[in-house]
Every structure is written in structure tokens, then in C-alpha cells.
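Shown next, in C-alpha cells, is the structure this report addresses.
The values are calculated or read from the model by the stated rules, or taken from the named source; none is laboratory data. Predicted model only: the values in this text are computed from it and were never measured. Glycine also receives a Cβ, built like all others from the backbone with ideal geometry; neighbour counts cover every protein chain displayed. The protein model used for the area step is the full one, side chains on, heavy atoms only, and it has no ligands, DNA or RNA in it. Shrake-Rupley method; radii C 1.70, N 1.55, O 1.52, S 1.80 Å.
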Amino acid sequence: MPAHEPRLWTIDTPNTSYVVAVDEHDRLRGLHWGPRLSPEQALALLDLPESPFRPVIGREPRFDLGAASSFQYGHNGLQVRFSDGTRDLELAFTEAIEGDGDLTFVFTDRHYPLEVRTRYRSHPGSDVIERTLALRNTGTEPIEVVRADSASWVVPGLDTPRLSQLHGEWGAETQLTRTTIPYGETVIGSRRGVTSHQANPWVAIDDGEATETSGPVWSTALAWSGTWRITVEKGPTGSVVVSAGFGHDPIAIRLGGGETLETPIAAGLHTEGGFASAAGAWHEYALAHVLPHPEEVRPVLYNSWEATEFDFTAEDQMRLAERAAAMGCELFVMDDGWFGARVNDRAGLGDWTPNPDRFPDGLGPLIKHVHGCGMRFGIWVEPEMVNPDSDLYRAHPDWVYHQPHRRRSEVRQQLVLNLARPDVADYIHARLDELLSRNEIDFVKWDMNRPFTEAGWPGSDDPDRLWFDHTRNLYAILDRLRADHPNLRIESCSSGGGRVDFGILRRTDQVWTSDNTDAVDRIAIQDGFAQVYPARVMGAWVTDSPNPLTRREVPLDFRFHVAMAGVLAVGGDLRIWSDEDQARGAELVADYKRIRPAVQLGRRRPLRAGAVTGVQYDRGDQTVVLVWRRSRAFAYPDPLLKLQGLDLDARYRDERTGRVHHGAILAAHGLELGLDPADYASAMIELTRLP
Ligand code: DGJ
């Protein structure tokens, strides 16, 4: 990151450069985010009309650190209020500190005791740039931080800028939409206390013409699991700035004297080569720089929820475990209903000891049985919650979020514990640590099933901080548990995919993608998920047919082939599966284990041919193709499926048929799929590149 004269810096990644300059008013300006530039080329940016040193009337400046101050009428990612009521900032540039892959700009307010550090960080081999903001109150009076976005990204001028986002709801997460960006501010985010089903903290910008395989894309993701907002601002002359940060309107953070506020990471990525290339770069970043155990492939798990819901005994779980093991599952997860008085969703949440009727001798016999079946043992918890009908709530009714003179709204008969309180966080940690220390538990599914309401903290002199400290304490508990139980692996769940982001993924191993396990709906959910998160974390269960949620009947192979595009799992009621389905399931689990390294660790490419959609995963010499076709129109034959990213000079053996294909022909003309002509046809194809 060489410094140049005048005050201009370049953050280089293998294929991109991000160039910023400090202007004569000490404002940080974004000059370039795109293909890699030499130092000489970067300096030439100063000759362009966007140059901070060539003010052109009618061309609005674009700030990398938008701080509320005079003449800054656009969105400002940094907004504070000092104790005397002053809101404007006048930041003076103090220094730029350069480290290995690291650049920090330090500013101080010209009058008030506030230091602002904005940090850029890159990792070898990745085009992702991570940014954070740190605010330090160097005085004694508190400062109100109204907004502290982690980053503002200046996107270069585009003719028709387009926004890609992931929206949804429960059972329909990560729906991908692309829309032309309107003038003004477009805000997406969550005010629910959790990342949310409704929006995922990621956006991508393109010029309106990018395809899966061509065109530049600028994208950003926020690593935070609480409330958040991303503001996409298209200025009057069409320029786009994307600002991403934690918190939501109208909450503010009080920064006491001597305190520092660190924001979560906002990661930015510029790529060429279309949306699939951007997604691939995010996946590589997640595997190399986010996930705690990136080298591991995730086991095939069995989860008991859809099979039993709350209606089970220890013996039922043992029978399910035997059937799951026979099918090749490697991890057995007992879901909700094993603790306290939790025989339905009306009681027991918060009481993390085994239900005495169901487990009179504790969890030991079941865990021993599961381990004896050759599987690891996992268990469901929902530590941030309490049923009012629980021993915990009876003992501590003040431990939930609430406000004086206001109702305590229940969702699913439960309230949210005030995890921001240190004593509550300590208690939750202690209960979980006890559970994990007393039992040989290999895996925890950490659920969170309702959003915050009446989010108050009576008695606190700074109640808004609950929105930040809840998530921080959640992270701290996860970090402590992982440090003290190094073999423990964790799944993040929030009524399905309500808490999927790079913040939670830094301390968990996989996520539960959606409570919707219908294979047809899952294709769209998984496609949206894959815009940013890798298959290595995308939990996908094969459940019963008709599907319990949608009542759609889908053949077993189709259900498996869709789930095999992620972390394959089984979640059906194996007690009622036919012997034929059990046997076919075992074959498909074995198939998955062969392709698993390519799916979970390889490069993903979405495919389409007529009514057939699919996905290709490449790793080393292995190319895996999973395809699905719901129905054909007018008995038209399926077209050939063109594969991507192949070595055009190489030959590939189809392991199903033994036939050898030329890479050039597979790329230019495609592969004959030979799908069953009937509805719900699917296939898994394994190709090996020949030496
Ligand atoms: C919601 C989760 O998404 C489900 O998989 C299941 O764990 C239930 N909670 C249990 O209450």
C-alpha cells in the first residue's frame, strides 16, 4: 500500500485496487474501486474530474468516510451528538498507519474529544477488503453516536446502476432480486435484534448488464448478527455510494469518556466475470478467512425435528438414530423438546436440564447409544429465550427485555432474555458450559426463534446499548464455549435462516438455511444463499413427502439431489420410510460422500438449459453436476447442458457411463443429461478430468 504525494493511498488485492485520497478539507474520498492499478496509474486518477483537487461544479464529492458536517447533504455514515448538542463534525487528518495488508486513517475532531479510525484490511489471495470504524471518546463527557457505519464504498460511475439484494421471510429466505437503483437513498436492514429473514446484510451493484458469467460487480457484506442497515445512495448525477453498519433508526450508542466503539467488519469485493465470479470470491473468502474450521467437511447429519416435533421418548430417539446410522448419517441431532417441562412450546424454555420423564437417567444413555451407532451426538438449544412458564422466568422475571407500563408481547409463548446484561450472559454461559461439560456433546444447534419487542432495560442508564451488547455477548459466549470445548461444532439457526451472516459464521460451523425443506422451493432459497455464502455452511435436509410445510409431493432422488448441493442432511421420519426408500437413501448418502469435497470446498457455478437448472462444483480433477427439472413443456426434449470453467484441452470421464467427453465439446455444446422424461427428474453427474 504505497503512499503517494499528494495524500493518496492504494489498497491492492490480487486483482483489484481501492484508491482513496484525503482532500484539502481533510475529507476521505473514494477515487477508484476496480481493476488493479500501478502506483503511476493511481496517481493519474488525480487528473480526472472526480479528483478532489479538481472540483467541478455540479459533481458531488463521494466520501469514503461520510461524516456529518457542513455542506454534506448526502447520506453520512458517521453521525454523533456531543454533550453540548453540537452535531457537526470537523475532522482533521492526523495520520495514516500502514501495516502488512492493513491501512488505518486516523482523524481527530478539531474541537471535541473524538478520535476516528477507519481501517482497511486485505488478505493474501483474496480480493475482499475488510473495513471497520473505531471511535474513541478521549474526553470525559459522553458522546452520543447516532450512526457509525463500518464503511462507505464509493462505486465508480455506472450508466444504469442495478442493485441485487436478498429479501424474504420465514420459510422463504434469501430470495434474490435485481432492480434498477432509484435516485436517493435505498435502505435495507433489520430492526428485529437478529440478522433477519426479511433481508440479508449483503448487496451487489452492477451496471445493469452483468450476467452470471460476464461483467463487473461490486458487492458488500456486513459481518453482524444484530440490527443493521445498508444504505445505497444514488446521487443526483447517478454516482452510487453504499454504506453499511450496525444499529437501526432511532437507536443511538452512548460513548462514555475514555471508551472506544469498534464496529463490525463490512467487507467489500470488486470482481469481473459476472455474478457467479463474485459469489465464488465470497465463498473463497469465507473458507479462507471467516470460518473457524474451513479445512473440515461437514458430516451428513440427521435431525429429529420434523420426525417427532415435541412428541418423543428417549427410545424414539434411539430408534431414529439406528435408522439414521444405517443410512450413513454421521451426526445425530436431537432437536427441541428434551429439557425442562418442554413437551410442547408452552413451557420449559430456559431450563436446560433433561426432562425427567423422558430422560430419567439423564442424556447419558442416549448419547452412548448414538456414539455406539458410530455417529456424533448433537443437541438443540435456544439459550437467548425463556417461556414465562419456566423455572428461570419465575426466578428472574426482570431478565427479559421489557419496558415499564408496557405489555410483554409473546411470540410462540416466549420472551427474549436480556443477554446484554452481564449477569444474564454469565448465567447462560454457565448453563451451557455445564451441559457440555457433563455430557459428551459434539454439536450444538443454537436456535433463536423470535424477534425483539418492547426492547427495554429498566434500570439501565443507557438502555439502547442492548441492541449492540446482546450480539456482542452472544459472540462472547460462543467464543468462550468454542475455546473451552475445542471439539464442539455449532450450527446457527433462527427459525431457519434468520441469522446468516459473516459475523455468526466466524464462530459457527454451518447454518440452518430455512425451515422450508420443500426441494422445489429450496432451489431458489439455495441459489440466493449461494450469492454470498458457501455450500460448506448451507444445511439442507431431505424430509418426508408430501412436504410437511408445502404438501408438495417430490420423489426421493429429487429431494436428495437438491439437498446434495449443500451440507446434506436427513430430517424425515425414518420410522415410517419404506425399506426401499431407506436403501435408496443410503445409496444417495454414499454418493454424496464421494462428491462432498467438491461441493463443500470447491468452486460453484450455476447452470441452466431450458427447464433444467443445476449447479456445477469443481475441485481439482473432479467436476460434479447436480441438475433438477420440475417439468417439461410440450414433451420437448431437455437441451444439452453446457458446462463452465472446464479445461478446454482436457477430456473428462463421466463416472456414470464411463464415456469420455472433450472439455471443449462440453463447454461449447454441452452434456447430454439423459434425464427421466417424467416430472421431477434429477441427476448427479461426476466427471473426472483425465491426465
Ligand atoms: C426452529 C428451527 O428452525 C427448527 O428447525 C426447529 O429447531 C424448531 N425451531 C424447534 O423449536
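Residues are listed down the side, and each one gets a yes or a no for (1) more than 16 Å from the ligand (Cβ to nearest atom); (2) surrounded by fewer than 18 Cβ atoms within 10 Å (Cβ to Cβ); (3) among the charged types (D, E, K, R):
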| residue | (1), (2), (3) |
| --- | --- |
| Ile379 | no, no, no |
| Pro383 | no, no, no |
| Asn387 | no, no, no |
| Leu392 | yes, no, no |
| Val400 | yes, no, no |
| Arg421 | yes, no, yes |
| Asp433 | yes, yes, yes |
| Asp442 | yes, no, yes |
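Restricting the first residue to region 285-306 and requiring it to be under 28 Å from Glu322 (Cα atoms), which pairs with a second residue that is away from the ligand (no atom under 16 Å from the Cβ) and among the aromatic types (Phe, Trp, Tyr) meet a Cβ separation below 7 Å and a spacing of at least six or different chains?
Note: pairs meeting the criteria are Val300/Tyr592.
Looking at region 294-315, which of the residues that are out of contact with any Asp or Glu (no Cβ under 8 Å at 6 or more places or on another chain) and within 16 Å of the ligand (Cβ to nearest atom) is most open to solvent (accessible area, probe 1.4 Å)? Lay out the reasoning, then the answer.
Narrowing region 294-315 to residues out of contact with any Asp or Glu (no Cβ under 8 Å at 6 or more places or on another chain): 294-295, 297, 302, 311-315.
Among the residues that remain, those that are also within 16 Å of the ligand (Cβ to nearest atom) are: 302, 311-312.
Working: Tyr302: 0, Asp311: 118, Phe312: 7 Å².
Taking the candidates together, the pick is Asp311.
Farther than 21 Å from Gln600 by Cα, away from the ligand (no atom under 16 Å from the Cβ) and aromatic (Phe, Trp, Tyr), is that true of Phe468?
On the way: farther than 21 Å from Gln600 by Cα: yes; away from the ligand (no atom under 16 Å from the Cβ): yes; aromatic (Phe, Trp, Tyr): yes.
Yes, satisfied.
Residues Gly208, Gly189, Gly184: which one is touching a residue at least 40 places away in the same chain (Cβ under 8 Å), of a type in the set (Gly, Ala, Ser), over 21 Å from His248 (Cβ atoms) and open to solvent by 10 Å² or more (accessible area, probe 1.4 Å)? Lay out the reasoning, then the answer.
Working: Gly189 fails: over 21 Å from His248 (Cβ atoms); Gly184 fails: over 21 Å from His248 (Cβ atoms).
Step by step, each of Gly208, Gly189, Gly184 is checked, and only Gly208 is touching a residue at least 40 places away in the same chain (Cβ under 8 Å), of a type in the set (Gly, Ala, Ser), over 21 Å from His248 (Cβ atoms) and open to solvent by 10 Å² or more (accessible area, probe 1.4 Å).
For the condition over 28 Å from Ala678 (Cβ atoms) and buried (at least 22 other Cβ atoms within 10 Å of the Cβ), what is the one hit in Gly620, Gly602, Gly614?
Details: Gly620 fails: buried (at least 22 other Cβ atoms within 10 Å of the Cβ); Gly614 fails: over 28 Å from Ala678 (Cβ atoms).
On inspection, the qualifying residue turns out to be Gly602.
Give me the residue from region 316-341 that is within 14 Å of the ligand (Cβ to nearest atom) and among the aromatic types (Phe, Trp, Tyr) and, out of that set, farthest from Asp391 (Cα to Cα).
Here is the first cut: in region 316-341, the ones within 14 Å of the ligand (Cβ to nearest atom) are 333-340.
Checking which are among the aromatic types (Phe, Trp, Tyr) leaves us with 338-339.
On the way: Trp338: 16, Phe339: 12 Å.
Here the answer is Trp338.
I'm trying to understand the selection: among the residues of region 655-683, which are within 17 Å of Ala598 (Cβ to Cβ) and open to solvent by less than 20 Å² (accessible area, probe 1.4 Å)? Don't jump to the end; show me each part of the working.
Just the residues of region 655-683 that are within 17 Å of Ala598 (Cβ to Cβ), to begin with: 655-656, 663, 666, 671, 683.
Residues satisfying the conditions are Gly663, Leu666, Leu671, Ala683.
If you go through region 124-144 one residue at a time, how many are of a type in the set (Lys, Arg) and open to solvent by 10 Å² or more (accessible area, probe 1.4 Å)? Show your work before the answer.
Step one: list which residues in region 124-144 are of a type in the set (Lys, Arg), which gives 131, 136.
In the following step, the residues that additionally are open to solvent by 10 Å² or more (accessible area, probe 1.4 Å) were identified as 136.
Residues in region 124-144 being of a type in the set (Lys, Arg) and open to solvent by 10 Å² or more (accessible area, probe 1.4 Å): 1 in total.
What about Leu349, is it in a loop (DSSP other than H, G, I, E, B), modelled with pLDDT of 95 or more, open to solvent by less than 40 Å² (accessible area, probe 1.4 Å) and in contact with a strand residue (DSSP E or B) (Cβ under 9 Å, 6 or more places away or on another chain)?
On the way: in a loop (DSSP other than H, G, I, E, B): yes; modelled with pLDDT of 95 or more: yes; open to solvent by less than 40 Å² (accessible area, probe 1.4 Å): yes; in contact with a strand residue (DSSP E or B) (Cβ under 9 Å, 6 or more places away or on another chain): yes.
It is true that Leu349 is in a loop (DSSP other than H, G, I, E, B), modelled with pLDDT of 95 or more, open to solvent by less than 40 Å² (accessible area, probe 1.4 Å) and in contact with a strand residue (DSSP E or B) (Cβ under 9 Å, 6 or more places away or on another chain).
Report whether or not Tyr112 is over 31 Å from the mean Cα position of the chain (by Cα), at pLDDT below 95 and open to solvent by 20 Å² or more (accessible area, probe 1.4 Å). Working first, answer last.
Details: over 31 Å from the mean Cα position of the chain (by Cα): yes; at pLDDT below 95: no; open to solvent by 20 Å² or more (accessible area, probe 1.4 Å): yes.
No: the conditions fail for Tyr112.
Starting from region 467-495, keep only residues that are acidic (Asp, Glu), then list their pairs with residues that are open to solvent by 20 Å² or more (accessible area, probe 1.4 Å) whose Cβ atoms are within a distance under 6 Å, requiring at least 6 positions of separation or different chains.
Going by the 6 Å Cβ cut-off, the qualifying pairs are Asp479/Arg507.
Give the residue, chosen from Arg162, Arg121, Arg87, Arg147, that is more than 18 Å from Ala252 (Cα to Cα) and either open to solvent by less than 30 Å² (accessible area, probe 1.4 Å) or out of contact with any Ser or Thr (no Cβ under 7 Å at 6 or more places or on another chain) (or both).
Details: Arg162 fails: either open to solvent by less than 30 Å² (accessible area, probe 1.4 Å) or out of contact with any Ser or Thr (no Cβ under 7 Å at 6 or more places or on another chain) (or both); Arg87 fails: more than 18 Å from Ala252 (Cα to Cα); Arg147 fails: more than 18 Å from Ala252 (Cα to Cα).
That would be Arg121, the only listed residue that is more than 18 Å from Ala252 (Cα to Cα) and either open to solvent by less than 30 Å² (accessible area, probe 1.4 Å) or out of contact with any Ser or Thr (no Cβ under 7 Å at 6 or more places or on another chain) (or both).
Go through Trp577, Trp541 for me and flag whichever is assigned to a loop (DSSP other than H, G, I, E, B), closer than 26 Å to Asp442 by Cβ and not polar (S, T, N, Q).
Numbers: Trp541 fails: assigned to a loop (DSSP other than H, G, I, E, B).
Checking each option against the conditions leaves just Trp577.
Can you tell me which residue in region 255-272 is farthest from the ligand (Cβ to nearest atom), limited to those that are open to solvent by less than 30 Å² (accessible area, probe 1.4 Å) and not in a strand (DSSP E or B)?
Restricting attention to region 255-272, the residues satisfying the condition of being open to solvent by less than 30 Å² (accessible area, probe 1.4 Å) are 255-256, 261, 263-264, 266-271.
Checking the rest, the ones that are also not in a strand (DSSP E or B) come to 256, 263-264.
Working: Gly256: 38, Thr263: 29, Pro264: 24 Å.
Once the filter is applied, the top-ranked residue is Gly256.
Exactly one condition in (1) surrounded by fewer than 23 Cβ atoms within 10 Å (Cβ to Cβ); (2) touching a residue at least 24 places away in the same chain (Cβ under 8 Å) is not met by Asp361; state its number.
Failed condition: (2).
Look through Thr237, Thr260 and report the one residue that is modelled with pLDDT under 95 and either touching a helix residue (DSSP H, G or I) at 6+ places or on another chain (Cβ under 8 Å) or hydroxyl-bearing (Ser, Thr, Tyr) (or both). If you could, list the steps in order and put the result at the bottom.
Values: Thr260 fails: modelled with pLDDT under 95.
The unique qualifying residue is Thr237.
Among the residues of region 510-522, is any at pLDDT 95 or above, among the acidic types (Asp, Glu) and closer than 24 Å to Phe275 by Cα? Before the answer, list the steps.
Taking region 510-522 as the starting set, the residues that turn out to be at pLDDT 95 or above are 510-522.
This time we only want the ones that are among the acidic types (Asp, Glu), so: 515, 518, 521.
After this cut, where a residue has to be closer than 24 Å to Phe275 by Cα as well, the list is 521.
Within region 510-522 (the criterion being at pLDDT 95 or above, among the acidic types (Asp, Glu) and closer than 24 Å to Phe275 by Cα), the answer is yes, since at least one residue qualifies.
Please work out which residue is most open to solvent (accessible area, probe 1.4 Å), limiting yourself to region 444-458 and to residues that are more than 16 Å from the ligand (Cβ to nearest atom) and in contact (Cβ under 8 Å) with a residue 60 or more places away in the chain. Step through it out loud before you land on a result.
Applying the first criterion (more than 16 Å from the ligand (Cβ to nearest atom)) to region 444-458 yields 452-458.
If we keep only those that are in contact (Cβ under 8 Å) with a residue 60 or more places away in the chain as well, we get 452, 455, 458.
Values: Phe452: 18, Ala455: 22, Pro458: 64 Å².
Only one residue tops the list, namely Pro458.
Name every residue in region 480-496 that is within 11 Å of the ligand (Cβ to nearest atom) and open to solvent by 10 Å² or more (accessible area, probe 1.4 Å), in order of residue number.
Taking region 480-496 as the starting set, the residues that turn out to be within 11 Å of the ligand (Cβ to nearest atom) are 491-496.
If the condition is that a residue be within 11 Å of the ligand (Cβ to nearest atom) and open to solvent by 10 Å² or more (accessible area, probe 1.4 Å), then Ser495 is the only one that fits.
Pick from region 511-524 the residues that are surrounded by 24 or more Cβ atoms within 10 Å (Cβ to Cβ) and within 13 Å of the ligand (Cβ to nearest atom): which of them is nearest to Asp336 (Cα to Cα)?
Trp512
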